[in-house]
Amino acid sequence: MEDFRRMAIFAAVVERGSMSAAARQLDMTPSAVSQHIRQLEQEAGLTLLHRSTRQLTLTDAGQRFYTQCAAMCEAASRARAELAAEHQRPSGELRLAAPAGFTQHAAPALGRWLAMHPELRLRLLMDDAPIDLIKARVDLALRFGNLQDSSWVARHLGRSATVLCASPHWIKAHGSTPRHPGELTQLPWLEMSRSDDAQADFLWRQQGTTQEYRLQVRPLMVSNHRSAVQQFCEAGLGLALLSAHDVAASLESGSLVRLLPDWNMGMLDIWAVTASRDTLPAKVREAIEVLREYFAQLQGMHN
C-alpha cells in the first residue's frame, strides 16, 4: 500500500510541476514529498526526475513510470466515483428476497421504479423458506409476520389485517354464512403454516366489545405457500385466514367473500430486512421507500 501512495505522490509532483505545489495539494511538507520520491528512485535504482532550482523534468524512465502512475490514480478516481454513484443513485444489481406470495405484488410495486433507473437490475429471489442474507448476497429481504431474533436490521413497512374468507360457491354449498366464530369449528379449514402441528389455534376479539373467542380447528389442507391456500379457498374447498392486501382484488371482484368482518383476527407485520446497519446504497434505500409507499396504498394496510 505504501508503494501505491508513493506512486500517487510522484504523479502529483509531475502534474503540479514542483514538489512544493504537490505538497500543498496533498497536505504534506515539501521535505516529506521529496523523501517519498527519493525512496522510489532508490528502490528502482533509477533516476525518475532531473531536479534544478527552477524546474523538474522527467527522465525517460520517469516518463514511462508516470504514465502508469497516472493510470493508477485515474482508476482509483473512477473507483471512488463508482462508490459515490452507488450511494447517490440506484445502479447495479439489487438482490431482493421475498416469500412466494409476493409474486403478485412484485411488478406493481417495483416496475415503474425500475423503469426510471436503466442502470439498475433486479434479481428477485422468491422462496417461502428463510434465506441467509449474507450467503445468498441478498441486499434486501421482505419478511412477513413475527421476526425471529437475529443480527439482521428490520425496518417496518406496514401491517396487513388478517381476514377470514370463503368463496361464493362454498357459501352457497354450505347453505348459510357463519355469523359467529363458534360456528366454524366443524367447517373445512385451509391453513398456511410451516409447522407440522395439525391443529390451528386462534384468539379473536369482537370489535367494539370485550368479547373474545378462542378457536381451535384441524385444517383440511395445510400449505407453506400463502397463495396456494388462497387458490384453494377461491376454488371453494373451505375457509381460510388470509392477508387483506393479498385478497383485496379477489374481494372486489367477488371471487372471495369476507366472513365475520366485525371480529379482529390479528395483523400481519411486513418488514424490510438488511444484513447490515451500515450506510445503505441508494438502490436499497430507495427500494425500501418504494415498497413502503406501495404497501401503504393497498386496501387493508395500516401503519
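Structure above, values below:
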{"item": "For segment 1-122, accessible area per residue (1.4 Å probe, heavy atoms of protein chains only), Å²", "result": "61 Å²"}
{"item": "Cα pair distances exceeding 14 angstrom across segment 76-161, given as percent", "result": "71 percent"}
{"item": "Surface accessible to a 1.4 Å probe, residue 47 within the full protein complex, Å²", "result": "70 Å²"}
{"item": "Segments 294-303, 199-208, 136-145 sorted - mean Cβ within 10 Å per residue, highest first", "result": "136-145, 294-303, 199-208"}
{"item": "Within the chain, helix-based [θ] at 222 nm, where runs of 4 or more DSSP H residues each add -39,500 (n - 2.57), nearest 500", "result": "-13000 deg cm²/dmol"}
{"item": "For segment 1-75, projected area of the alpha-carbon convex hull averaged over all directions, nm²", "result": "4.6 nm²"}
{"item": "Pairs of Cα atoms farther than 27 Å apart, the chain, %", "result": "59 percent"}
{"item": "For the chain, share of DSSP beta bridges that run antiparallel, in % to the nearest 5", "result": "70 percent"}
{"item": "Relative contact order (percent, whole number), the chain, Cα cutoff 8 Å, 6+ residue spacing", "result": "22 percent"}
{"item": "Carbon + sulfur, % of accessible area of segment 161-251 - ligands and nucleic acids excluded, 1.4 Å", "result": "47 percent"}
{"item": "Per-peptide average of other Cβ atoms within 10 Å, ordering 8-15, 67-74, 38-45 highest first", "result": "8-15, 67-74, 38-45"}
{"item": "Percent of beta bridges antiparallel (DSSP, segment 150-262, rounded to nearest 5)", "result": "70 percent"}
{"item": "Packing-based ranking, highest mean first, of 109-117, 94-102 given that Cβ atoms within 10 Å are counted", "result": "94-102, 109-117"}
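The values are calculated or read from the model by the stated rules, or taken from the named source; none is laboratory data. Just so it is clear, the structure is predicted and the values come from calculations on it, not from any experiment. Glycine gets a Cβ as well: all are built from the backbone with ideal geometry, and neighbour counts include every protein chain shown. SASA here: full protein model, heavy atoms, side chains in, ligands and nucleic acids out. Shrake-Rupley method; radii C 1.70, N 1.55, O 1.52, S 1.80 Å.
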